[in-house]
1. So, Glu342, is that one in contact with a strand residue (DSSP E or B) (Cβ under 7 Å, 6 or more places away or on another chain), open to solvent by 40 Å² or more (accessible area, probe 1.4 Å), modelled with pLDDT of 95 or more and under 22 Å from Gly191 (Cα atoms) or not?
2. Given (1) modelled with pLDDT of 95 or more; (2) touching a strand residue (DSSP E or B) at 6+ places or on another chain (Cβ under 8 Å), where does Ala14 come up short, assuming only one miss?
3. Go through the stretch 318-366 and count every residue that is touching a Leu at 6+ places or on another chain (Cβ under 7 Å), closer than 30 Å to Gln290 by Cβ and part of a helix (DSSP H, G or I).
4. Can you pull out every residue in the stretch 357-372 that is farther than 17 Å from Glu181 by Cβ and open to solvent by less than 10 Å² (accessible area, probe 1.4 Å)?
5. Could you list, in sequence order, all residues of the stretch 49-64 that are among the charged types (D, E, K, R) and without any contact (Cβ under 8 Å) to a residue 40 or more places away in the chain?
6. Looking at the stretch 324-349, I want the residues that are free of Cβ contacts under 8 Å to residues at least 40 places away in the same chain and under 23 Å from Gly244 (Cβ atoms) and have a partner that is part of a helix (DSSP H, G or I) and open to solvent by 20 Å² or more (accessible area, probe 1.4 Å) with Cβ atoms under 7 Å, at least 6 apart or on another chain. Which pairs are those?
7. Going by the conditions given, is Lys72 open to solvent by less than 60 Å² (accessible area, probe 1.4 Å), in contact (Cβ under 8 Å) with a residue 40 or more places away in the chain, of a type in the set (Lys, Arg) and in contact with a helix residue (DSSP H, G or I) (Cβ under 6 Å, 6 or more places away or on another chain)?
8. Give me a count of the residues in the stretch 31-86 that are farther than 26 Å from Val122 by Cα, among the β-branched types (Val, Ile, Thr) and not in a helix (DSSP H, G or I).
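The values are calculated or read from the model by the stated rules, or taken from the named source; none is laboratory data. As the structure is a computational prediction, the values presented were derived from the model and not from experiment. With ideal geometry, Cβ positions are generated from the backbone for all residues, glycine too; neighbour counts draw on all protein chains shown. SASA here: full protein model, heavy atoms, side chains in, ligands and nucleic acids out. Shrake-Rupley method; radii C 1.70, N 1.55, O 1.52, S 1.80 Å.
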Amino acid sequence: MSERNRIAVIGAGASGMTAAITAARLGGEVTLFEKNDRVGKKILSTGNGKCNLGNTDFSIEKYYCEDRDKEKLRKMFQVFSVWDTISFFESMGLMIREKDGYLYPYSEQASSVLDVLRMELVRKNVTVITGTEIREAGFDQERGEFELSCAEGKTWRFEKLIISCGSPASLKKGEGHGGYELAGKFGHMTGKLVPGLVQLKSDEPFIRGLSGVRVKAGVSLVVEGEERARESGEIQFTDYGVSGIPVFQISRVAAFALEEGKDVRILVDFFPDQEQRPFSWQNRVRYETQADKTLEDYMTGMLNKKINMALIRRAGLKPGIRASEVGWEKIREIMSLCRSLEIHISGVNSMENAQICAGGVLLDGLSTELESERVKGLYFAGEMLDVDGKCGGYNLQWAFTSGYIAGSAAAGCDVREIFPDPAENPQEEEEEHSRIRIMEKADSREGNTIC
């Protein structure tokens, strides 16, 4: 354990609280700063108020980051995996339930997650200072200390500093940029920020008529004519575009493409669970037996009425004309639209509506322990870093993983010594080397800690 263990953590979100608790469990004297009047506000809104803690269906492919950082990210998740998240919260008394891989508190209340974190901060004697925004941070080379100051002019000095300020996602316009500004003062670059896990906007005239419709569908994202992503699940049409988890999953790719001025479209398949050949034969039979009906009646029984009408009009037809009058080739055209309705994407919803922020402080310039390569003793954690995951608990998992690593390293634990051997099986490492048990051992020994 390092002799220097006075540690400041700026930002009391999921990653900041994890970092503070971890550092305190390993003997650090920790002060946690939060600009809001209480800690962990964002946690209360995650998972529709149930707090999706993580997901046992884990893969590094669930995350976006620079390609050069994938291996670094993989090693971090081996140090603190989803299994460690379970152990971490169980060690604080939280009961966890699993639903199809998704992890939730047994109470299904996000407040339970926040409550155990707050209690652990108290139990580990972490000093929590709320309602205080750190505006300035610098490193005093002569004294070897970080100096922090707030708007009121009060200053503090620490030997180690963890910046985990979060992002502007879901905040009021103009808020949430403080962490990036602090990172910049230490010489760290921030990549382009765009909304992630957010709705897509469209300028297509027919979209407004579909507002409120929910349907299970496949969604492909096409950028400049090339498919870039594909998802499936329930989507929802709004008066301005398209929403739903499949749309959220591809939104960050769309956002970056739009930022670059590229043409972005989505293709919607309303029958994603049907093979094309049987689908075509089935509809040929329908035509042979139902062709005497009007197109409006002919489409009844297939999809939501609003979708049916939009498809008919998209094919340039009127709903009152009989199917037999338009002929089989035109019916095939409508069926083709059922499998690949093209929607032009004109934008993404605002950062205020986004669940996460894509982009952030570049991992280039940080060690695998999330320590700055420019200023020793400076660490980063959480959403403000250029790592973001898909829906399903993956972003909170990153918060816990990065918080644990930064907190351990800041407390003096040589995290490099516990990185798995890359030659070994990653899955075995995840299951057999639960890093949280190191903290539990440290917890059980008064005056002695194990790194």
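1. no
2. Ala14 satisfies every listed condition except (2).
3. Residues in the stretch 318-366 being touching a Leu at 6+ places or on another chain (Cβ under 7 Å), closer than 30 Å to Gln290 by Cβ and part of a helix (DSSP H, G or I): 6 in total.
4. Residues of the stretch 357-372 that are farther than 17 Å from Glu181 by Cβ, as a first pass: 358, 363-364, 366-371.
The answer is Ala358, Leu363, Leu366, Leu370.
5. Answer for the stretch 49-64, where residues must be among the charged types (D, E, K, R) and without any contact (Cβ under 8 Å) to a residue 40 or more places away in the chain: just Glu61.
6. Close Cβ pairs (under 7 Å, with a partner that is part of a helix (DSSP H, G or I) and open to solvent by 20 Å² or more (accessible area, probe 1.4 Å)) amount to Leu337/Arg314.
7. no
8. Going through the stretch 31-86 one residue at a time, the tally reaches 1.
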